[in-house]
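Enquirer: This is the structure, below, for whatever I ask next.
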Amino acid sequence: MIEEQDLEKTEKEEEKEELEEEYKEIELTWNKKIVLIVTGILFYLIFLFIFFPYSTFIRYILTNYVQAIKVDYSELEWDFPFIIVIKDLYLSNDAGTLITGDSVRLETGLWDVINLKLKGNISVSSSNLKIKEINTRVKGLKLNLKLDNSISDLSSPSKLNGDITTKMNEIFFEELWGPLKAFSLPEEQRSMKDLDIFIQIENGKFSVRKFNFKSELFDANLTANGSLASSLENSTINGKVCFKPNPKLEELNPVIYNLYITAGGSLGGEFCIKLEGSFSNLKFQPQT
């Protein structure tokens, strides 16, 4: 009798142990399911982040929410984490300003991209800028924007605030503009090289702290203040530009040399000119 009771007790204990083991297996299985569910969600989010159609999404935003400026491009590539490469960029407005770029590389933050903020580093292999009769070609542009604005604020220049730092290998004038139209400059004398620019903007008013460049005829630097308008040709500027001539200026361009000497310049010194007016109608006056 005692042996039967012991046997029943042993069987009950074994059944209990089996039930505990099965429960543990079931509990472990639920833990695995939770892990699998969380892992699946994470993989889905990563997949969505990597393969999200950013090009279509950004094109939709630019087309529907950016006013006064027409934006288009042929291809947009997104490199992790926050690098955007735009091929064949096209920017234009009703005033006739047109900017095109072969390959534009933008390094910025994801939040700045989502909010279309004007912040980040921009590199352009080559581009064209056309403002009515002003037509230029730019090479090796590196631009650093630190503006507290979004792209939509470009239509309201008085809202702009921040800094712009620019370096360019070369800017070539396809067509001469303003007073330069009076001169017949050969192509090799229509380019400015090694441009180094720093501009501060506060409520649409800008200050050119540094603007240095070199050309075949002169080395020059510009300092100026001005105000931005809805179009560049109506934006005003007031400042001065100083030229240090090439010692071979007379040989390179006799007409420019005679004009420079007549205005009071000398080959061994520096000659400064005041400039004021709008970007489409600048007035120049020798500084006394």
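No lab work stands behind these numbers, since they all come straight from the coordinates. Treat the numbers as computed from the prediction; the structure is a model and nothing was measured. Reconstructed Cβ throughout: ideal geometry from the backbone, glycine too, with neighbour counts over all protein chains shown.
Enquirer: With Cβ to Cβ distances under 13 Å as the rule, what net charge do the other residues near residue 147 carry (K, R +1; D, E -1)?
Expert: The answer is -1.
Enquirer: Ok, one more. Report the net charge of residues surrounding residue 90, where surrounding means a beta-carbon distance below 10 angstrom and charges are Lys +1, Arg +1, Asp -1, Glu -1.
Expert: -1
Enquirer: Could you work out the pair-distance distribution P(r) of region 193-288 from its alpha-carbon pairs, with 5 angstrom bin width and percents rounded to whole numbers?
Expert: P(r) over region 193-288, rounded to whole percents: 3, 13, 20, 21, 19, 12, 8, 4, 1, 0.
Enquirer: May I pose another question? Hey, rough spin-label estimate for residue 128 and residue 74, points 7 angstrom out along Cα→Cβ, what's it come to in nanometres?
Expert: In this crude label model, residue 128 to residue 74 measures out at 1.3 nm.
Enquirer: Between residue 189 and residue 92, what is the spin-label point distance in nm, taking each point 7 Å from the Cα along the Cα→C-beta axis?
Expert: 3.4 nm
Enquirer: If you don't mind, another one. From the phi angles alone, apply the Karplus equation (6.51, -1.76, 1.60; θ = phi - 60°) to region 145-161 and give each ³J(HN,Hα) in whole Hz, x where the residue is Gly or Pro.
Expert: 9, 9, 9, 8, 9, 9, 4, 4, 6, 4, 6, 10, x, 5, 8, 6, 8
Enquirer: While we're on this one: Can you pull the three principal axis extents for the Cα set of region 152-244, in Å, largest first?
Expert: Cα extents, longest axis first: 40, 23, 22 Å.
Enquirer: Could you give P(r) for region 52-286, binned at 10 Å from zero, as whole percent values over all Cα-Cα pairs?
Expert: In whole percents, the pair-distance histogram is 7, 28, 36, 18, 8, 2, 0.
Enquirer: Next up: Hey, what did region 52-286 get for relative contact order, percent, Cα under 8 Å, at least 6 apart?
Expert: Once divided by the residue count of region 52-286, the mean separation gives 11 percent.
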